[in-house]
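Q: Before anything else, here's the structure in question.
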Amino acid sequence: MKMKNIIIYFSSTGNSLFAAKTLSDQLDNCTLFEITDLNPSVAIGDADTNVGFIFPTYFFSIPKFFAETIKKLNLNTQTYYYGITTCNGFSGNTGHQLKTILEQQGCHLSFFRVLNMPGNYIVEYSPSREGVINKKIATSEKKLFDIEATITDRKQESVKKKYALISDIFRKFMYRNQHKWHQGFNVSQKCTSCGLCENICRFNNIEIYTGKPDWSSDCEHCMACIQLCPNLAIEYGNKTRQRGRYKNPRVPYKDLINSK
């Protein structure tokens, strides 16, 4: 029987969407699902389905919302599962974290890979130079071709615990003030009230109020709003005023907007 493929992903500025689409183009009968669009009650997978989770690394870990959503999904225990994270260097213990979440639901993680992609966390750093960005994306694209073969052959690879202590400590340290994350965003006079930031927020955390965006407390710091603003009108405190913006150059704006 011909295998089916499902990829469940999250992407704010395009890195994980690029990985998901690149892999999807290589796999037969593949369907993409943005994780915030999934209905948890719908059964996912069967013995003849491969299911991949593709997501960015947040604070050396799986994004909190991504992990919590997987725990709620109705996953078939006979499905072939794998994971891929995109990160700007250090991926921490993301693979073993995903393995643990799946095992709690009676499922098995067959393999896990890391793609070193350009970072987008503008709160802490500026984007890389264009040459560095293009090189990272090209290298990741080649790795995705190897990953396709691993999926097609349904290979099994050990997913070991790595940097568990530092990953857990840093994750807890960063998330301790999540309820305050939204307070750092502000807009300049360059804002034209276009509403793009409201439309691209997967967490319905932005509302245009009196012509300007207003952030609520459910922010996940995905950076989509600040990075994709067409007028560079959104800032985070005073940190980002002299920093450039990043979007994966291989992903059109329309794909990021439509993936809400």
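The values are calculated or read from the model by the stated rules, or taken from the named source; none is laboratory data. Here the structure is a predicted model, which means the values were calculated and not measured. Because the Cβ atoms are built from the backbone with ideal geometry, glycine has one as well, and the counts that use them run over all protein chains shown.
Q: Would you mind stating whether residue 158 is exposed (fewer than 14 other Cβ atoms within 10 Å of the Cβ), among the small types (Gly, Ala, Ser) and at negative phi?
A: On the way: exposed (fewer than 14 other Cβ atoms within 10 Å of the Cβ): yes; among the small types (Gly, Ala, Ser): yes; at negative phi: yes.
When the stated conditions are applied, residue 158 passes them.
Q: Quick check: anything in the stretch 204-211 touching a residue at least 24 places away in the same chain (Cβ under 8 Å) and not assigned by TED's automatic domain parsing to the domain that holds residue 13? Break it down stepwise before answering.
A: First, pick out the residues of the stretch 204-211 that are touching a residue at least 24 places away in the same chain (Cβ under 8 Å): none.
Checking the stretch 204-211: not a single residue is touching a residue at least 24 places away in the same chain (Cβ under 8 Å) and not assigned by TED's automatic domain parsing to the domain that holds residue 13.
Q: Now a separate question. Just to be sure before I move on: is residue 84 of a type in the set (Val, Ile, Thr), buried (at least 21 other Cβ atoms within 10 Å of the Cβ) and free of Cβ contacts under 8 Å to residues at least 40 places away in the same chain in the structure I sent? So that I can check it myself, show each step before the final result.
A: Working: of a type in the set (Val, Ile, Thr): yes; buried (at least 21 other Cβ atoms within 10 Å of the Cβ): yes; free of Cβ contacts under 8 Å to residues at least 40 places away in the same chain: no.
No, not satisfied.
Q: Among the residues of the stretch 16-54, which ones are assigned to a helix (DSSP H, G or I) and modelled with pLDDT of 95 or more?
A: Residues of the stretch 16-54 that are assigned to a helix (DSSP H, G or I), as a first pass: 16-26, 35-37.
Selection gives 16, 17, 18, 19, 20, 21, 22, 23, 24, 25, 26, 35.
Q: Between a residue in the stretch 63-80 that is outside any strand (DSSP E or B) and any residue that is modelled with pLDDT of 95 or more and of a type in the set (Gly, Ala, Ser), which pairs come within a Cβ distance under 6 Å, given they are 6 or more apart or on different chains?
A: That search, which allows pairs on different chains as well, returns 77/106; 78/47.
Q: Being within 25 Å of residue 89 (Cα to Cα) and surrounded by 13 or more Cβ atoms within 10 Å (Cβ to Cβ) narrows it down to one residue among 233, 224; which is it? I'd like the intermediate steps shown before the answer.
A: On the way: 233 fails: within 25 Å of residue 89 (Cα to Cα).
Result: 224 is the single residue among 233, 224 that is within 25 Å of residue 89 (Cα to Cα) and surrounded by 13 or more Cβ atoms within 10 Å (Cβ to Cβ).
Q: Select from the stretch 198-217 the residues that are part of a strand (DSSP E or B) and not basic (Lys, Arg) and write down the one among them that is surrounded by the fewest Cβ atoms within 10 Å (Cβ to Cβ).
A: Step one: filter the stretch 198-217 for residues part of a strand (DSSP E or B), giving 206-209, 212-215.
Subsequent filtering for residues that are not basic (Lys, Arg) retains 206-209, 213-215.
Details: 206: 24, 207: 14, 208: 16, 209: 9, 213: 24, 214: 14, 215: 20.
Filtering the stretch 198-217 for residues that are part of a strand (DSSP E or B) and not basic (Lys, Arg), the one surrounded by the fewest Cβ atoms within 10 Å (Cβ to Cβ) comes out as 209.
Q: In the stretch 145-175, what count of residues is obtained for those that are assigned to a loop (DSSP other than H, G, I, E, B), closer than 22 Å to residue 65 by Cβ and either of a type in the set (Gly, Ala, Ser) or free of Cβ contacts under 8 Å to residues at least 12 places away in the same chain (or both)?
A: So the answer is 0.
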